[in-house]
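Everything below concerns the one structure shown next.
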Amino acid sequence: MSKEPTGECFCNKDFTTEDLKRIIRDVRYNTFYRDAKNRKQHISLMHKDHQLFHASNDIPSSDQNNFDRLTEILNTSFEKRGITKCSHKIHYLANMYVETQYFSKLEEDGNNHRYMPYKGRGFIHITWDTNYIAYSDVPGHENIFGGTNYKKVTSSLELAADTGSWFWETNKVNEFAKKDDIFGTSKTINAPKATKTHQVNGYKMRRAAWIKFKEAFNNYPYNCVTDASKNPREYGEGVLEEMRKWADEHVQYTMESSTPLRTKFDKAALEKLDCSEFVCRYLHKLGITDTVKHVSTGDMVTQESFRTALGSNNIDHIDNSEKSDFMPQRGDIFVWRKIGSGHTGIVHSIDGDNITILESIGMNGSSDENYNNENEGYEGYNCTRTSVYQKNGGALASHAGWKGYFRPKNYAKQL
Ligand SMILES: [Zn+2]
């Protein structure tokens, strides 16, 4: 292996089978498709966590569902073609995720393409006779052009990987990857002349996968030995800053009903958080409660019910805070609740109409997502995050079931 620096990230370092399993499981759980009834579902429901290339009938069955083989083959092909940094690998895998239908297939669907029989095959889907010829012309390469030789790309995982990494290197896709430019890597692979994102097939999913691969790579770039300084994050003192740091770790969102999972401090309890658990842990850090309480948004609708659920009177519902002319303060807790659903989060800071919120948000994101994205709020969802919403926008005061703001009081800790 290379002598370049390594650390907690995947720069200059092979994946282990366990790494790759975890990464693929996380990304499949945190990306979504619409089912026949147009309901949003985890990709992991359709392509089960530990199934791999299960829709690829041409490869040996011993290569299906075999993470050891995939790990070995990916590591080898990455090392061979200079796909060695976190940024390179994240962009490769995000594009491969879409090209291979979430690691289930090695060839493009359909048989009516104008480039038949040289349709998309392999990890990055090399396409058109010109690419099949160019690959075959390299000394030492298998001949995948002529006759039915193209079938080799779908019957061998090594060739599926090697054609992919060859295409990547030949087209200098690393140049876009190292700038973390997902449009650049996506278009080079799918539509080199594209000037707009809608011209790239599957662009939204490439982008969604890119965000989630970054999270799965230990929150790239923050812990990356190559790129950590790209975008340094700094945190000040106090409980709100502690919560912001936690939010920025993008902890998995999952709604949990088990009290131990919502109130304890072991790994299992801390690896998944929903919105109200995140707020209850904030109230505990602040000292409003001695232990973490199991309170859900259904209890957070009035001052009385919230106080009862917490077992503390040190929280007020602010009078008139449900009105649109109300201005919240740092540390306030917002709540909306309607039949069957609710959401809550913490006000980190206020800048005019922009309210920075710390929250754990589910798979649908917020009702003010465009604003959040345009104002440097975190664009991934199904995790904890720092978001930026309009004070009276759809995520806050205009939301159905809006209850306004609650304010902790009489605590000794620095907010
Ligand atoms: Zn790295």
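No other residue among Ser324, Ser349 is over 23 Å from Val239 (Cα atoms) and hydroxyl-bearing (Ser, Thr, Tyr) apart from Ser324. Taken over region 384-410, residues that are farther than 16 Å from Met327 by Cβ, in contact (Cβ under 8 Å) with a residue 60 or more places away in the chain and not aliphatic (A, V, I, L, M) amount to 9. The residues of region 245-256 that are of a type outside the set (A, V, I, L, M, F, W, C) and assigned to a loop (DSSP other than H, G, I, E, B), listed by number, are Asp248, Glu249, His250, Thr254, Glu256. Please go through region 222-244 and pick out each residue that is within 12 Å of the ligand (Cβ to nearest atom), assigned to a helix (DSSP H, G or I) and of a type in the set (A, V, I, L, M, F, W, C). Selection gives Ala228 alone.
Tally the residues that are of a type in the set (A, V, I, L, M, F, W, C) and within 16 Å of the ligand (Cβ to nearest atom), restricting the search to region 1-43.
Final tally of qualifying residues: 7.
Taking Lys172 as the residue in question, decide whether it is of a type outside the set (A, V, I, L, M, F, W, C) and touching a Pro at 6+ places or on another chain (Cβ under 9 Å). When the stated conditions are applied, Lys172 does not pass them. Counting just the residues of region 31-46 that are more than 11 Å from Lys212 (Cβ to Cβ) and touching a helix residue (DSSP H, G or I) at 6+ places or on another chain (Cβ under 8 Å), which one comes out surrounded by the fewest Cβ atoms within 10 Å (Cβ to Cβ)? Result: Tyr33. Annotation note: of Ile333, Ile355, Ile350, Ile346, the sole residue that is modelled with pLDDT of 95 or more, in contact with a Lys or Arg (Cβ under 6 Å, 6 or more places away or on another chain) and aliphatic (A, V, I, L, M) is Ile355.
In the set Tyr282, Tyr253, Tyr235, only one residue is without any contact (Cβ under 8 Å) to a residue 24 or more places away in the chain and aromatic (Phe, Trp, Tyr); that residue is Tyr235. Criterion applied to Asp325, Asp299, Asp290 was being surrounded by 18 or more Cβ atoms within 10 Å (Cβ to Cβ) and of a type in the set (Asp, Glu), and the one residue passing it is Asp299. Among the residues of region 204-214, is there at least one that is in contact with a Ser or Thr (Cβ under 6 Å, 6 or more places away or on another chain), among the small types (Gly, Ala, Ser) and part of a helix (DSSP H, G or I)? There is at least one residue in region 204-214 that is in contact with a Ser or Thr (Cβ under 6 Å, 6 or more places away or on another chain), among the small types (Gly, Ala, Ser) and part of a helix (DSSP H, G or I). Taking the condition crowded, with 18+ Cβ neighbours inside 10 Å and under 23 Å from Val153 (Cα atoms), does Arg28 pass? Judged against the criteria, Arg28 is not a match.
Taking region 55-109 as the range and being within 16 Å of the ligand (Cβ to nearest atom), outside any helix (DSSP H, G or I) and over 24 Å from Tyr203 (Cβ atoms) as the test, the residues that pass are Gly82, Thr84. Can you spot a residue in region 383-401 that is surrounded by fewer than 22 Cβ atoms within 10 Å (Cβ to Cβ), among the aliphatic types (A, V, I, L, M) and farther than 21 Å from Lys245 by Cβ? So far as region 383-401 goes, yes, one or more of its residues are surrounded by fewer than 22 Cβ atoms within 10 Å (Cβ to Cβ), among the aliphatic types (A, V, I, L, M) and farther than 21 Å from Lys245 by Cβ.
The single condition from (1) under 25 Å from Val27 (Cβ atoms); (2) part of a loop (DSSP other than H, G, I, E, B) that Gly393 fails is (1). Against the criterion of being aliphatic (A, V, I, L, M) and in contact (Cβ under 8 Å) with a residue 60 or more places away in the chain, Ile124 qualifies. Can you confirm whether region 247-261 contains a residue that is aliphatic (A, V, I, L, M), surrounded by fewer than 17 Cβ atoms within 10 Å (Cβ to Cβ), more than 16 Å from the ligand (Cβ to nearest atom) and within 28 Å of Tyr411 (Cβ to Cβ)? Within region 247-261, one or more residues are aliphatic (A, V, I, L, M), surrounded by fewer than 17 Cβ atoms within 10 Å (Cβ to Cβ), more than 16 Å from the ligand (Cβ to nearest atom) and within 28 Å of Tyr411 (Cβ to Cβ). State whether the residues of region 29-48 include one that is in contact with a Ser or Thr (Cβ under 9 Å, 6 or more places away or on another chain), under 29 Å from Lys151 (Cα atoms) and hydroxyl-bearing (Ser, Thr, Tyr). Checking region 29-48: at least one residue is in contact with a Ser or Thr (Cβ under 9 Å, 6 or more places away or on another chain), under 29 Å from Lys151 (Cα atoms) and hydroxyl-bearing (Ser, Thr, Tyr). Within the option set Arg34, Arg28, being in contact (Cβ under 8 Å) with a residue 60 or more places away in the chain and assigned by TED's automatic domain parsing to the domain that holds Glu99 holds for one residue only, Arg28. Taking the conditions (1) part of a strand (DSSP E or B); (2) without any contact (Cβ under 8 Å) to a residue 60 or more places away in the chain in turn, Ser305 satisfies each one other than (1).
The values are calculated or read from the model by the stated rules, or taken from the named source; none is laboratory data. Note that the structure is predicted; figures quoted are calculated from it, not measured. So basically every Cβ, Gly included, is an ideal-geometry build from the backbone, and we count neighbours across all protein chains shown.
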